[in-house]
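The values are calculated or read from the model by the stated rules, or taken from the named source; none is laboratory data. Because the structure is a prediction, the values reported are computed rather than measured. Heads up, the Cβs are rebuilt from the backbone with ideal geometry, glycines too, and the neighbour counts pull from every protein chain shown.
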Amino acid sequence: MALHMIKLCVGAENVEDLAEWQDKCVASITKKGKPATPWHDTRMSPKRATEMLDGGSLYWVIKHFIIVRQRIIGFEEFKDKDGKSMCRILLDPELIRTKSRKKRPFQGWRYLEPGDAPSDLDGKGPALSADLEAALKEALAW
């Protein structure tokens, strides 16, 4: 089974915010003639990148809940404007909603073992926002 990665999605209130932000980023690079692939830049390159390229995903934590993932399609090393080494995580544009799971804040990214990753939503109903789902669980109605 593929290894995954987990990362906080700072500044996003919901999955739609993440999608909008990525769409803007992709639109800006397509104007420059570059491939239209969403990405996320980070300082640290994963030492286990090969394991993630075998079907791994980046699981996004939004408002303290893991609620969405994107398949990882590649990694690129580059230097930022100050000459510091960086890693670009190339992502599939499809945002796949997952069953909500609470997650405490952390810095950077972490590996996520396959057995610890939340399962995808089955698509049989509308996805709830993380806030609404948390309220329902707190009220013992979920």
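Only a single item in (1) at pLDDT below 95; (2) under 18 Å from the mean Cα position of the chain (by Cα); (3) within 24 Å of Trp21 (Cα to Cα); (4) in a loop (DSSP other than H, G, I, E, B) is not met by Asp54, and it is number (3). On the given criteria, is Ile96 of a type in the set (A, V, I, L, M, F, W, C), buried (at least 16 other Cβ atoms within 10 Å of the Cβ) and under 25 Å from Glu13 (Cα atoms)? No: the conditions fail for Ile96.
Screening the candidates Thr50, Thr37, Thr98 for the property of being polar (S, T, N, Q) and over 28 Å from Asp122 (Cα atoms) yields one hit, Thr50.
Of the candidates Ser100, Ser45, the single residue that is of a type outside the set (Val, Ile, Thr) and under 22 Å from Ser119 (Cβ atoms) is Ser100.
Applying the criterion of being touching a helix residue (DSSP H, G or I) at 6+ places or on another chain (Cβ under 8 Å) and closer than 22 Å to Ser45 by Cβ to the residues of the stretch 57-90, the residue that is surrounded by the fewest Cβ atoms within 10 Å (Cβ to Cβ) is Phe75. Of the residues in the stretch 99-114, at least one is assigned to a helix (DSSP H, G or I), out of contact with any helix residue (DSSP H, G or I) (no Cβ under 8 Å at 6 or more places or on another chain) and more than 15 Å from Ser45 (Cβ to Cβ).
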